[in-house]
Amino acid sequence: MRRIALTEAEHRPRRVAVGFFDGVHLGHREVIRGADTVLTFDPHPASVVAPAHMPKLLTDLDYKAELIAALGAEELIVIAFDAEFAGRDAQSFIDDVLVGALAATDVSVGENFRFGRGAQGDASLLAADPRFATRVAPLVEVDGEVVSSSHIRGLLLAGEVEKAAQFLGRPFRMRGTVVHGDKRGRELGYPTANLVPDEHLVCPGHGVYAARADGRPAAVSIGVRPTFSSGRGELVEAYLIDFEGDLYDQPLTLEFLARLRGERRFDSVDGLIAQMAVDVQDAGAIVSATVPRRHDYDP
């Protein structure tokens, strides 16, 4: 899939899906279905028009592009969203971007999509334009709940990674570079690969999780280590089961499968070690019972 800026797009007929697509969840997949081109924005529009309400994101642009490519799109076009672009009215977006720059023959959006200065544009404005066909994808529901990026964020912050995976269509994934810690896990017999959460991205709520770490079974702790006074901030600590090796300064991808328990303070180190043994056993069993699919979007 080609990934280009709007200014680099050649003028040719396109079937365009438009949206921010944070998380590329089940609802987004329905919007993108049938499109050869996906048009998105970077950074998130809220960072420009309402910085105080800017949410933490489910995916950065690189991961978003990877997920969109897996859906079969041929091209990802990225609009550099800034104050100037935010000032465009809705008709200008249609005339100058969809028609003028992209020569769209078909435009696909979600039913709650809004665009243009003051969010004045909506799906009905697009549908009224005879220069292209408009497809409005209805909101997708899972177990009677509407799938949305904001709802998924809330689920993850509450530690409900299994429910979030149902909405995403895949396990929630976190990526980072392994950093040096204070070697506390090694002293306890459970050396961990430590990641510092990206402050701009969602991190599951504090607790212990069963996960895959670069495909390997892992028990992952997220929190601030209540049993020890380490002076550290929030940390993600992954114990890779039956793995030996040096992961420092290497990229690591975590896929969260289930929450095992909340964050706890233990009265003794021995109590913590005993619980860690249980967590590792439980995590290994869950990962073993969960067969990874060849690709996130394979049926």
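Once Rg and Dmax of the Cα atoms in Å is worked out from the coordinates, which option in [x] 18.8, 61; [y] 21.7, 71; [z] 17.8, 52 does it equal? Answer by label: [y].
What 222 nm value per residue comes from the helices of the chain, counting each DSSP H run with n ≥ 4 as -39,500 (n - 2.57) and dividing by all residues, nearest 500 deg cm²/dmol? Intermediate values should be presented prior to the final figure.
Details: 9 runs with 72 residues, N = 299.
So the calculated ellipticity at 222 nm is -6500 deg cm²/dmol.
The gain in end-to-end length when the Ala158 to Ala46 segment is fully stretched comes to 38.0 nm, 0.36 nm per residue minus the alpha carbon separation. Is the shape of segment 1-144 best called rounded, prolate or oblate, per the rule: a/c under 1.5 gives rounded, else a/b larger than b/c gives prolate, else oblate, with a ≥ b ≥ c the square roots of the Cα gyration tensor eigenvalues? Rounded, since a/c falls under 1.5. The simple spin-label model puts a point 7 Å past each Cα toward its Cβ; for Asp96 and Val269 those points are separated by 6.4 nm. Peptides 46-58, 210-222 ordered by packing proxy, namely the average of other Cβ atoms within 10 Å per residue, highest first: 210-222, 46-58.
Readers should treat all values here as calculations from the given coordinates under stated rules, not as data from a laboratory. Computed from a predicted model, the values in this text were never measured in an experiment. Here the Cβ is made from the backbone with ideal geometry for all residues, glycine too, and neighbour counts use every protein chain on show.
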